[in-house]
Number of protein chains: 2
Amino acid sequence: VSSEFELIERIKGRLAGRAERVLIGPGDDAAVVQAGGVIVTSVDAFVDGVHFRTSTSCFSDIGHKCVAGTLSDIAAMGARAGELYLVIGLSEQIGEQEALALVDGAEALAAQLGASICGGDIVRSAQLFVAVTAVGHAESRQTLVTRSRAKSGDLVGVTGELGGAAAGLALLDREIEGTQDRIAEALRERYLRPLPQLAAGRALAEAGVGAMIDLSDGVASDALRLAEASGVEIEVELERLPIQAGVEEVATMIEREAIELAATGGEDYELLFTCPEQVRERVELAMNSTRTRLTWIGTVGDGTGVRLLDADGGVRDLRGWDHLQ
Amino acid sequence: VSSEFELIERIKGRLAGRAERVLIGPGDDAAVVQAGGVIVTSVDAFVDGVHFRTSTSCFSDIGHKCVAGTLSDIAAMGARAGELYLVIGLSEQIGEQEALALVDGAEALAAQLGASICGGDIVRSAQLFVAVTAVGHAESRQTLVTRSRAKSGDLVGVTGELGGAAAGLALLDREIEGTQDRIAEALRERYLRPLPQLAAGRALAEAGVGAMIDLSDGVASDALRLAEASGVEIEVELERLPIQAGVEEVATMIEREAIELAATGGEDYELLFTCPEQVRERVELAMNSTRTRLTWIGTVGDGTGVRLLDADGGVRDLRGWDHLQ
């Protein structure tokens, strides 16, 4: 117990408070934060061997990725990033240096995004795990975007490029040779150190999109969740999916289609959203102003579920691509 | 993964929203909660074999205790209980019924305390763990009580009775016979299903106490943390500690002193606080009005650390009592 106290003290020394609204940071019974309107809270847990592997991710990358994945939910609501709370379950194999590297990775991303790590807990565990609580802020519920307001006739858009995380993991997993170039490095980076689309999320919310979700499991799964929450059917034209550079080549190497990695690979943490035709131009301007690539990939219709259409209009049945196979 | 989605759906069906401020509960990317002033957030993690054992606690009790332990930090700030977020790491040995029983235990305590479980995550893990995020609310920072404002000359008070949780665990651990009576049952209950002192915490904050902490590790450890945070010395007169009925008998059975269990047993989740003499009467009235037992156990002086004094004024060196020895 005593060494955990010491570790917590060392961790506190590495965390910077960076927002006036944080009135009391780590170290008391609880953190105290000024809240002007509504708070937006998401909790995500990551377990060694399930959500990441210490063989492919260094500890700094693990800290980065756990924070990124949780803040991605805040981005998908259109909220501003606020506070983070970090629970770390430390296995015996993991020393203080590794634990601090994990915190440093989390803190560096928090700094980049203007978020503050305000508390947490360190416990002993048979298996390394990280549980992150992310709190975002917004003026009111009306400024936020849920999953449940997609309407028949809406357009479906997506930010950024897809398939990069799955391709990066494939490269890391298979230690594929001859891929030490910049494109391969970008794919590995995409998997190891994803970035939540906070600025794009807020801009999309302000532009008036109807429904939004982040792509943690891939377009196929996440569009289905949005469709179910909204009670609509979403049609996605697969050939429109914006494929990251290099994904095609990696897909060929591992005998998959690029479209599979883009639609079902997951962990790209881009945003998928719907909006009425009359909001289209505002969305395009908003994405321009945040320098975010925007692609219109489909439409919302009556019905339920998701239809993935290939180039000749046939329906594809893409099953989830198992990341850790 | 699919079965985890189903489990999450079943869990959502068992959770009630019970506060107007919860605008969006579980099921979207994040929960959305109206916040009028400041939010008070604490995160605690509990691991099987470290913080509880499935051999002595049923799953409902585990859910109860994890929520109680986390809300105890909110009580120690003098805030109102608000929202809870529950991460459960499920090992393969644990089936859906056990997971739901854990959630039911958490939800029942949340209901009793007016808190709402608004989200969480379920992950696979080698070892059962529970991480709880508790969010409390208060008008402003000024209405809250930290650990750091104890002043030389203050009185030190404690709510309720001590030693019960440690004695209860001793009974459970050693399966001591001849203790099936009501007092023994109350001790076991004290360990298995503690109650956070939310009403007392708010009343103490309103009465104007200077510093406060909850007794999760015992008077000896927790008073030390408060003393260190405040830069003062705390003197505790051990014979004044309010000992729960039956603790004396259990202490004798296991060849310990009752005072050891009361001062270092921990997990009683009572509140320890300091206040100037002139606030004493207001504190006594506040504890009367919330029907909370109040005991003055010591004083704050210049210096640092904690001095535990026995009846004849000698300083005792009570080491932490290892719960899971």
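The values are calculated or read from the model by the stated rules, or taken from the named source; none is laboratory data. Owing to the predicted nature of the structure, the values given are computational and were not obtained by experimental measurement. No Cβ is skipped: glycine too gets one built from the backbone with ideal geometry, and neighbour counts run over all protein chains shown. In case anyone asks, the SASA skips ligands and DNA or RNA and just uses the protein heavy atoms, side chains included. Shrake-Rupley method; radii C 1.70, N 1.55, O 1.52, S 1.80 Å.
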**Message:** Per residue, how much accessible surface does chain B expose to a 1.4 Å probe? Answer in Å², no decimals.
**Reply:** 39
**Prompt:** How large is the charge dipole for the stretch A:58-137, taken about the Cα centre, if only the Cβ atoms of Lys, Arg (+1) and Asp, Glu (-1) carry charge, to the nearest 20 debye?
**Reply:** 240
**Request:** In debye, nearest 20, what is the charge dipole magnitude of the protein assembly as shown about its Cα centre with +1 on Lys and Arg Cβ and -1 on Asp and Glu Cβ, if you could check?
**Result:** 1720
**Request:** Express the carbon and sulfur contribution to the solvent-accessible surface of the stretch A:19-110 as a percent, rounded to the nearest whole number, probe 1.4 angstrom.
**Result:** 45
**Relative contact order computed over chain B (Cα-Cα under 8 Å; 6+ residues apart), in percent** = 22
**Reachable lysines, given that their alpha-carbon falls under 30 Å from the alpha-carbon of B:Lys151 and they are not under 8 places away in the same chain** = A:Lys12
**Item:** Volume per residue of the C-alpha convex hull in the stretch A:230-314, rounded to whole Å³
**Value:** 123
**Asked** How big a patch of accessible area, both sides summed and in Å² to the nearest 100, lies buried between A and B at a 1.4 Å probe?
**Response** 4000
**Request:** Using a 10 Å cut-off on Cβ to Cβ distances, tally the other chain neighbours for every residue of B:207-217 and report the average as a whole number.
**Result:** 1
**Asked** What is the helix-to-structure angle for B:182-192, meaning the angle in degrees between its Cα long axis and the longest Cα principal axis of chain B, kept from 0 to 90 and rounded to the nearest 10?
**Response** 60
**Request:** Could you work out how far helix A:164-174 tilts from the main Cα principal axis of chain A, as a 0 to 90 degree angle to the nearest 10?
**Result:** 60
**Prompt:** Rounded, prolate or oblate: which fits chain A, taking a ≥ b ≥ c as square roots of the Cα gyration tensor eigenvalues, rounded meaning a/c under 1.5, else prolate when a/b beats b/c?
**Reply:** oblate
**Complete:** Net charge near B:Phe5 (other residues with Cβ under 14 Å of its Cβ; Lys, Arg +1; Asp, Glu -1) is -4
**Prompt:** For the stretch A:27-96, what relative contact order do you get, as a whole percent, if you take Cα pairs closer than 8 Å and at least 6 residues apart?
**Reply:** 31
**Message:** Suppose a student asked you for the relative contact order of the stretch A:197-290, using Cα pairs under 8 Å spaced at least 6 residues apart; what percent would you report?
**Reply:** 51
**Request:** Give the angle, between 0 and 90 degrees and rounded to the nearest 10, that separates the Cα long axis of helix A:2-13 from the longest principal axis of the Cα atoms of chain A.
**Result:** 60
**Complete:** Across A:84-92, the residue-averaged tally of Cβ atoms belonging to other chains within 10 Å stands at 3
**Item:** Estimated [θ] at 222 nm from DSSP helical runs (n ≥ 4, -39500 (n - 2.57)) normalised by residues in chain A, nearest 500
**Value:** -11000 deg cm²/dmol
**Asked** Which residue, A:Asp217, A:Asp181, A:Asp154, tops the fluctuation ranking in a GNM of chain A built on C-alpha contacts under 10 Å?
**Response** A:Asp181
**Request:** Provide a whole-number value for the mean count of partner chain Cβ atoms within 10 Å of the Cβ atoms in peptide A:66-74.
**Result:** 1
